[in-house]
Each structure stands twice: as C-alpha cells, then as structure tokens.
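Below is one structure, written out as structure tokens; the observations come after it.
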Amino acid sequence: MLLPVRYFPGLDDARLAFREVGEGRPLVLLHGFFSFATHQWVRPGHAAALAASGHRVIMPDLRGHGDSAKPHDPESYPRDVLADDTLALVEHLGLTDYDLAGYSLGGRTVVRLLARGATPGRAVVAGQGMDQITSESGGSVSALVRRVCTGLGTFEPGTVEWKAEQWLRSTGGDPVALLRVLDTVVATPAETVKRIQTPTLVVAGADDDRVRSTDALAAALPAGSHTVVPGDHSTAIATPGMGAAIAAFLHDQ
C-alpha cells in the first residue's frame, strides 16, 4: 500500500510528515524509535486492517524519523517534543474525538500525552511497561542506541551493535537526529500514571523483556487492561496479533 505523504507544522514549525488511510473514527498511530510510519504500521498490514474495521488511521513520522524533519540543532529537540508535535497534529487536523496508540517510543509518547491532559477516547500503549515509562534514562536500550549512533562502522559482524547498525541503515536513519530524540525523553512518575482515566490497553510481545512490567502498568492505570501477543520487541509489531489486539480493544470499548 502506497500512501501519499502530507505535512504539518510541529511545535517549532518543523516540517513533519504524516500519512492516513480509511474513514471513520480517527486513530492516531505513533511508531517506535529507529522506525517510521510506513515501515511499522503500513507494511505489516496493520493500517489496512484498522481502516477496514472502520477507522481513519493517521500515522505521523516522529521528528527525526522517516520523512519528517531531522534537524541537528539541539534547540530543535526540547524535552517532551514528541508529545508536543503530536498535539500539534491533533490541532492541525481538528480532531476532537479520536483514539491514540503507539509502539515502543510511540507507546511512551502516548503515556506522556495522557499525563499532560490529552483526551482520546481510548489509548493503546504497546511495547512498553511500567519500568520503561517511569525511567528517564531508557536503560540498556538507550545505551545501545548511543553506542551505535556514535560508533558506526566499528562493530564486529553478528554483534548486537552491528545488527542495530544494519537496522539503522536499512531505515535511512540519521544518527545525529536520533541521538537528539533520545535527549527529549521524559519519565512519567507512577503517581501520575495512576491519575490517567482514559481506558488504556497495555500490550507487548511474549518474548519482549518489557513484558515483565506491562501488567504493572496496566494495574496502575485506573482503566487499564493487559494482553500479550507473540514475538519479541523487534518482531511483535510485525505480527498480525498486534494489529488484531489493537482492533479488538478499540471495538470492545
């Protein structure tokens, strides 16, 4: 499925890209780090399936990713800018009644939006647990990304760093911009999570390390629920189970 790219002005008027498909209730989908909307939502078939189930599926490329602006100036990456950019998209499209979902970094951004008062009817936080949401450092994953982005071309074939570098190159990632994105991450304290009233599904792959604290995140959310799909952090997003879990939750509410 080839979808035309459209643009909207982000927080600082940065030229940010989005694509959409389908008609019906708006659903904003946020992709993960190192990825982009077409790769994470369109190619696995999730966008088409969600559109077929009655949604207007709206998929931005986050700042520093895909077809969106990738500035190198640190001032273009204030803390929480991904949430600010998403709010700008919602305003740009005039959305007042919509749903919101995200995977990995996108899932973390969903929580930031909810914590800051965004009011989607329903939300999905995928590929993130309580340990990730409440941590600002990003832990071992953040450390790996920083090693990869600063050491391109130096890793032994077959190592974790080498594999991550191949993924970065395959997605056309800009290492400087991606490092800046890491610096925008903001933790959400558990006390704040407990005040989020939006019905929210927390979902992760059965073999994803993050699944160990997804039930804790769902339990902390007053209207939280939890499910597990096949795969690890890299593969769960590409399986039909992920799209099916999102669709089932949105239609059960």
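Readers should treat all values here as calculations from the given coordinates under stated rules, not as data from a laboratory. Keep in mind that this is a model prediction, so the values were computed, not measured. Counting neighbours? That spans all protein chains shown, and the Cβs are built from the backbone with ideal geometry, glycine included.
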- Message: Working only with C-alpha atoms, what are the Rg and Dmax values of the range 65-182, expressed in angstrom?
- Response: 15.8, 50
- Query: Any idea which of Thr184, Ala48, Ala164 is furthest toward the positive side of the dipole for the chain, if Lys and Arg beta-carbons carry +1 and Asp and Glu beta-carbons -1?
  - Reply: Ala48
- Query: Put +1 on the Cβ of every Lys and Arg and -1 on every Asp and Glu Cβ in the chain; which of Tyr103, Ala220, Gly243 then has its Cα farthest towards the positive end of the dipole?
  - Reply: Gly243
- Item | Sites Thr227 and Asp13, calculated FRET efficiency, Cβ-Cβ separation with R0 45 Å, nearest 0.05 | 0.70
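Starting from 0.36 nm per residue, how many nanometres of slack lie between Ala48 and Thr239 once their C-alpha separation is accounted for? Display every interim value, and only then the final one.
Working: separation 191, 0.36 × 191 = 68.76 nm, distance 1.37 nm.
Answer, rounded to one decimal: 67.4 nm.
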- So the pair-distance distribution of the range 172-253, from every Cα-Cα distance in 5 Å bins, comes to percents of 3, 14, 17, 18, 19, 18, 8, 3, 0
- Query: Once the Cα atoms of the range 134-211 are picked out, what are the Rg and Dmax in Å?
  - Reply: 15.8, 47
- Message: If N is the number of residues in the chain, what value comes out of its Cα radius of gyration divided by 2.2 N^0.38 Å?
- Response: 0.93
- Task: Let me know the charge dipole size of the chain about its Cα centre in debye, to the nearest 20, where only the beta-carbon of Lys, Arg (+1) and Asp, Glu (-1) is charged.
- Result: 180
- Message: So if I take the centroid of the Cα atoms in the range 214-253 and the same for the range 50-111, what is the distance between those two points in Å?
- Response: 19
- Rounded to the nearest 500, what is the 222 nm mean residue ellipticity of the chain from helices alone, with -39500 (n - 2.57) per DSSP H run of 4+ residues and division by all residues? -10000 deg cm²/dmol
- Message: Largest first and in whole Å, what are the equivalent-ellipsoid semi-axes of the range 1-88 based on the Cα gyration tensor, each being the root of 5 times an eigenvalue?
- Response: 24, 13, 10
